[in-house]
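Report on the structure given below.
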Amino acid sequence: MDRIYLDHNATTPAAAEVIEAVSRGLAEEIGNPSSLHYFGQRAKRRLEEAREEVAGLIGAEAKEIIFLSGGTEANNLAIKGVAEANAKQGRHLVTSAVEHHAVLHSFAALEKRGFEVTRLPVDEYGRASVEALEPVLRPGTVLVSVMLANNEVGTLQPVAEMAALCRERGVLFHTDAVQAVGKVPVDVEKLGVDLLSLSGHKFYGPRGVGALYVRKGVPYLPQMHGGHQERNRRAGTEDLPGIVGMGVAARLARQHLPEWAAHTQRLRELLQTGIEERMVDVKIFGHPQYRLPNTLCAAFGGTEGESLLMNLDLKGVAVSTGSACSSGAIEPSHVLQAMRVPAEYLRAALRFSLGKDNTEEQIARVLELLGDIIPRVRSLAPGHREASGVRPQAPGK
Ligand SMILES: Cc1ncc(COP(=O)(O)O)c(C=O)c1O
């Protein structure tokens, strides 16, 4: 069976150039970048080359990049590190209701340590607003963290406007850009952010490696204690092969981003239009305009997302029900809840997240399968509203 992978927001398949670079790094770079001998110094050079690539992708300086184990660690370091370092100035923090759990749970942990956290609401599209942020900023506010792009519905937040307001008020601004990097242009200067998280495996790099951008002079406390790696900012021997792989992924993303974005957006539109034309009782989530080009989150009334996911998987199509990290949990998505999605659609959402190697033929196949699976799943659901669930097609459509 030819399988179709439409779960790129969960993780992306590493690019061929990345696999090659990681394998070579593992085989050839036998030294520890902290060692003073030839092998150590050569590894150190590879590390610094990768740092330049990652910095170049987001418009940062190489020394503002800290390598670490991924988006989760980057978010933990940014949020806890800044809160702890600035606790004397104030203990009030702000985030949004639709963040990834790595952000939400970092703030929850700080609340237990006596910090006060304000969570900004979002509109029906999952977008927070500068208007809602402005009145909650106060003299004791030390950090605002709002994601650049949402992993479940793809909505882009007005980060540049929020960061500008925070700068005016002397409040530090962090953004979780894990889903945005490699899909939309990300530039730390244009965004005006102080800290930014990214993760290699979301843009065709390796899993288990990521980076945190920290603007020069931003005070924060390291969260990992040990050796002097990463200029004393993150202890632990660097995952050199992974970092080299992420450097290559960053270079590829810089070269191909416009082409990848246009390709995935075209396929996403085919998928969305196909669904809207063929199905009844469908809700599309996420902002119509401010949205990642590759992401489509749709709820099919009268179904359970899990059941659709399993049925699609049996036919070789991989999708997700909202965030991969919360799949398996019984709780409906906190993102859809924050968007006030009506109860009957909360568990009926599927996330299709497309990638550079998906094709038009694959989208046609997925539409065909949905047209078969959805009415079947609906007809089995107790109290289903639509026996067929498929619009009669005009001949030739
Ligand atoms: C928005 C967002 N932030 C953070 C993460 C966590 O990144 P990682 O898997 O590298 O720990 C993810 C992963 O799904 C994500 O989508």
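The values are calculated or read from the model by the stated rules, or taken from the named source; none is laboratory data. From a predicted model like this one, the values you see are computed outputs, not experimental measurements. Backbone-built Cβ (ideal geometry, glycine too); neighbour counts: all protein chains shown. Keep in mind that these areas ignore ligands, DNA and RNA; they rest on the heavy atoms of the full protein, side chains included. Shrake-Rupley method; radii C 1.70, N 1.55, O 1.52, S 1.80 Å.
Under the Karplus relation 6.51 cos²θ - 1.76 cosθ + 1.60, θ = phi - 60°, what is the ordered set of whole-Hz ³J(HN,Hα) values for the range 304-310, x standing for Gly and Pro?
10, x, 4, 5, 5, 4, 5
Taking 22 Å as R0, compute the FRET efficiency from the Cβ-Cβ separation of HIS228 and GLU84 and round it to 0.05.
Step by step, r from the Cβ atoms, then E = 0.65.
Once you've got the GNM for the chain with C-alpha springs shorter than 10 Å, pick whichever of MET339, MET224, MET147 has the biggest mean-square fluctuation.
Sorting by GNM fluctuation, first place goes to MET224.
Show me, for the range 35-50, the HN-Hα J-couplings you get by feeding each phi into the Karplus relation (A = 6.51, B = -1.76, C = 1.60, θ = phi - 60°), rounded to Hz, glycine and proline as x.
Running phi through 6.51 cos²θ - 1.76 cosθ + 1.60 with θ = phi - 60° gives 7, 8, 7, 3, 5, x, 5, 5, 4, 4, 4, 4, 4, 6, 5, 5 Hz.
Place a point 7 Å from the Cα of ARG254 along the Cα-to-Cβ direction; which residues of the range 181-200 have their backbone N under 17 Å from it?
Backbone N within reach: 181-190, 198-200.
Rounded to the nearest 500, what is the chain's calculated 222 nm mean residue ellipticity when only DSSP H runs of at least 4 contribute -39500 (n - 2.57) each, over all residues?
It lands at -13000 deg cm²/dmol.
Just the number, please: carbon plus sulfur as a percent of the accessible area of the chain, 1.4 Å probe, no ligands or DNA/RNA counted.
On the way: 9060 of 16880 Å².
Taking all protein chains in place, the chain shows 54 percent carbon and sulfur surface.
Mind checking which of THR95, THR155, THR118 has the largest fluctuation in a GNM of the chain, springs on alpha carbons under 10 Å?
Greatest mean-square fluctuation among the candidates belongs to THR118.
Just the C-alpha atoms of the chain: what Rg/Rh do they give, with Rh taken as the Kirkwood radius?
Taking Rh as the inverse mean 1/r over Cα pairs, Rg/Rh reads 1.00.
Given springs between every Cα pair under 10 Å in a Gaussian network model of the chain, which of VAL244, VAL280, VAL181 has the largest fluctuation?
Residue with maximal mean-square fluctuation among VAL244, VAL280, VAL181: VAL280.
Using θ = phi - 60° and the Karplus form 6.51 cos²θ - 1.76 cosθ + 1.60, what ³J(HN,Hα) does each residue of the range 372-380 get, whole Hz, x for Gly and Pro?
Result, ordered by residue: 8, 6, 4, x, 5, 5, 5, 5, 8 Hz.
Angle check, please: helix 240-278 long axis (alpha carbons) against the longest principal axis of the chain (alpha carbons), in degrees 0 to 90, nearest 10.
It works out to around 20 degrees.
Taking amide H atoms as placed 1.01 Å from N in the peptide plane, list the residues 5 or more away in sequence, or in a different chain, whose amide H sits under 5 Å from that of ILE4.
Those qualifying (amide H under 5 Å, at least 5 residues apart or on another chain) are VAL317, ALA318.
Label-point separation (nm) for LEU314 and HIS101, each offset 7 Å from Cα along Cα-to-Cβ?
Using points 7 Å along Cα→Cβ, the separation is 2.8 nm.
Enumerate the whole-percent occupancy of each 10 Å bin, from 0 to the last occupied one, for all C-alpha pair distances of the range 16-253.
8, 34, 35, 17, 6, 0
Please work out the average accessible area per residue across the range 16-253, using the 1.4 Å probe convention, and give it in Å².
Details: 9280 Å² over 238 residues.
In whole numbers, the range 16-253 has 39 Å² accessible per residue.
For ARG365 paired with ALA381, estimate the spin-label separation in nm (one decimal), with each label point 7 Å from Cα along the Cα-to-Cβ line.
The answer from the label model is 2.7 nm.
Give me the one-decimal nm value for the distance between modelled label points at ARG169 and THR11, 7 Å along each residue's Cα-to-Cβ direction.
In this crude label model, ARG169 to THR11 measures out at 3.8 nm.
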